[in-house]
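Report on the structure given below.
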Amino acid sequence: ILNVEQSPQSLHVQEGDSTNFTCSFPSSNFYALHWYRWETAKSPEALFVMTLNGDEKKKGRISATLNTKEGYSYLYIKGSQPEDSATYLCARGGSQGNLIFGKGTKLSVKP
Amino acid sequence: DTGVSQNPRHKITKRGQNVTFRCDPISEHNRLYWYRQTLGQGPEFLTYFQNEAQLEKSRLLSDRFSAERPKGSFSTLEIQRTEQGDSAMYLCASSSGYGGDTQYFGPGTRLTVL
């Protein structure tokens, strides 16, 4: 894997469903993995920064895991709510601190 | 509001005109980044500053683009002789450290070149 890849590209779920997204990245020269939530007309909001293999982080109903050896991270949302509707971006931290983003997963939660 | 701010939020210009965007980072942050997002893509890195020094520029940053951070506080991004391909969302972010630190983003400037 040369670039940061995210799947699925979009996802439509019902309120109350749990869901998860995948972020794949090059496993060599790993520095950090970032997750952001970006709602329309707002600033991208930082969710997690993970640096260690096996890291698991949680923020309310949202959690994330990291596997640096195989180059992937999962983001989980438990009991999705309409306000969770947003684009979820993952980004790999570069050697200079710049972020290398995937294209994002667009989540729509229907009431 | 102590977050990252960007002005203007929207800019519509005609091809060939010059435009300038401003970013005000979180005050204690010494790193400032510029990214560009085009339709269907994730944000792409353009350049970054450590205090007032511009330390890296992406290949995406053509000669028509120039960025400054004169006193290590706010930053400006200027695009000369705009082209339709410059239409994008320009995002600014700031952080206090390196690759493992959170970057805090502003709301972006949406540029439309007619």
- prompt: Using 0.36 nm per residue, how much length does the chain from residue A:18 to residue A:76 gain when fully extended, once their Cα-Cα distance is taken away?
  reply: 20.1 nm
- prompt: With charges set only on the Cβ (+1 for Lys and Arg, -1 for Asp and Glu), what does the dipole of chain B come to about its Cα centre, in debye to the nearest 20?
  reply: 440
task: State the cysteines of the protein assembly as shown left without a partner when partners are defined as other cysteines whose beta carbon lies under 4.7 Å away.
output: none
- request: Please find, in a Gaussian network model of chain B (springs between Cα atoms separated by less than 10 Å), the residue of B:26, B:12, B:79 whose mean-square fluctuation is greatest.
  value: B:12
- line: Percent relative contact order for chain A, counting Cα pairs under 8 Å at least six residues apart, stands at 37
- request: Express in whole angstrom the spacing between the alpha-carbon centres of the stretch B:64-114 and the stretch A:55-111.
  value: 23
- prompt: Which lysines have a Cα lying under 16 Å from the Cα of residue A:59, excluding residues fewer than 8 positions away in the same chain?
  reply: A:78
field: Relative contact order for chain B, counting Cα pairs under 8 Å that sit 6 or more residues apart, in percent
entry: 37
field: Once exposed loop trypsin sites (Lys or Arg not before Pro) are cut out (DSSP; at most 13 other Cβ, 10 Å), longest piece of chain A
entry: A:70-111
field: Hits among lysines - C-alpha to C-alpha of residue B:57 under 27 Å, sequence gap 8 or more where chains match
entry: A:42, A:103, B:11, B:14, B:71
task: Could you give the size of the charge dipole of the stretch B:32-83 about its Cα centre, using +1 on the Cβ of each K and R and -1 on the Cβ of each D and E, expressed in debye and rounded to the nearest 20?
output: 20
field: Dipole moment magnitude, nearest 20 debye, the stretch A:24-111 about Cα centre, only Lys, Arg, Asp, Glu C-beta charged
entry: 140
- line: For the pair residue B:101 and residue B:17, the simple spin-label estimate (label points 7 Å beyond Cα toward Cβ) gives in nm 3.7
Unit Cα scatterers, Debye sum, chain A: log10 I(q)/I(0) for q = 0.15, 0.18 Å⁻¹: -0.58, -0.83
query: Using alpha carbon centroids, what distance separates the stretch B:1-20 and the stretch A:12-39, in Å?
result: 29
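Where a number appears in this text, it was derived from the coordinates with a stated rule and is not lab data. Just so we're clear, the structure is a prediction, and the values are computed from it rather than from any experiment. Quick reminder, even Gly has a Cβ in these numbers, built from the backbone with ideal geometry, and neighbours come from all protein chains shown.
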